[in-house]
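One structure below.
The values are calculated or read from the model by the stated rules, or taken from the named source; none is laboratory data. Just so you know, these numbers come straight off a predicted model, no measurement behind them. Virtual Cβ from ideal backbone geometry, glycine too; neighbours counted across all protein chains shown.
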Amino acid sequence: MKNLIIIGAGGHAAEIVDYIEYINFNSMNPKYTIVGLLDNTESYYNHYGFNYKFLGNTDTHLIDKEIYYVIGIGNVSVRKKVIDKYVSKGAKFESIIHPTALISKTATIGEGSLISHNVSIGPKANIGKFCVINSRSTIGHDSEFGENNFLSPQVVIGGFSKIGNSNLFGTNSSVIPDTKIGDNNKIMAGMTVVNKVKDNEVVFYRFKEKLIVRNNNQNNSI
């Protein structure tokens, strides 16, 4: 059984705790022990009423090399800073994979990644380190991901797509097959990416027209 410390105590961390408890409950032998949670804001910890110890500040925490860490921070830029700091100090990270995820045997999952419930990951897909693939998202075959990408719920990535590092994909966004996306981009909720995205861009389309459909056959008689 692996001992875990979760970095973060907000909403994302609360979901991770649920996943770990689900894994343990549905295993013949529990797989993980949650030692506690770290956060710079203790009020987050108090809000969610965790049944695990609050271990103090993320910045001043002394790395325990006998324990595995799980990154429970949702903000992509903050995640990157914390990951880099903890990796430089020798922290080991665990990937958490929900049992309901459907992952091809030929797909690969990098260290410290989170695969949520009802996710689908296709053949030869390669998910880099510290990525979050949120609930009900679909990753097409032969897709390539860099590090620290955060996919919100119900994101669809088409096959043969190439995704760089530290990208945020909003809920219900999608990428058509064989599309390239660079680093540090934000794909806003509901957007469909059909062309290459470079670096440090925000993909958001404002629709200027509204279509109103009227039923001309409606009987207006009294």
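Just checking: which of the strands (runs of 3 or more DSSP E) contained wholly in segment 1-120 hold 2 or more residues that are of a type in the set (S, T, N, Q), surrounded by 19 or more Cβ atoms within 10 Å (Cβ to Cβ) and assigned by TED's automatic domain parsing to the domain that holds ILE133?
Values: elements: 2-7, 32-38, 68-71.
Result: empty, no element qualifies.
Only residues that are among the aromatic types (Phe, Trp, Tyr) and either assigned to a strand (DSSP E or B) or more than 13 Å from ILE109 (Cβ to Cβ) (or both): list them for segment 127-159, please. Please lay out each step first, then the result.
In the first step, residues of segment 127-159 are kept if they are among the aromatic types (Phe, Trp, Tyr); the result is 130, 145, 150.
Within segment 127-159, PHE145, PHE150 meet the criteria.
Going through GLY56, GLY49, GLY8, GLY90 one at a time, which residue ends up being on the phi > 0 side of the Ramachandran plot and touching a Ser or Thr at 6+ places or on another chain (Cβ under 8 Å)?
Of GLY56, GLY49, GLY8, GLY90, the one residue that is on the phi > 0 side of the Ramachandran plot and touching a Ser or Thr at 6+ places or on another chain (Cβ under 8 Å) is GLY8.
What are the residues in segment 172-200 that are closer than 12 Å to SER161 by Cα and exposed (fewer than 15 other Cβ atoms within 10 Å of the Cβ), if any? Explain how you work it out, then say what you get.
From segment 172-200, those closer than 12 Å to SER161 by Cα are 174-182, 193-197; that's our starting set.
Answer for segment 172-200, where residues must be closer than 12 Å to SER161 by Cα and exposed (fewer than 15 other Cβ atoms within 10 Å of the Cβ): PRO177, ASP178, VAL194, ASN195, LYS196.
Given the structure, is SER135 touching a Phe, Trp or Tyr at 6+ places or on another chain (Cβ under 9 Å) and within 30 Å of VAL87 (Cα to Cα)? Spell out the reasoning first.
Values: touching a Phe, Trp or Tyr at 6+ places or on another chain (Cβ under 9 Å): no; within 30 Å of VAL87 (Cα to Cα): yes.
No: the conditions fail for SER135.
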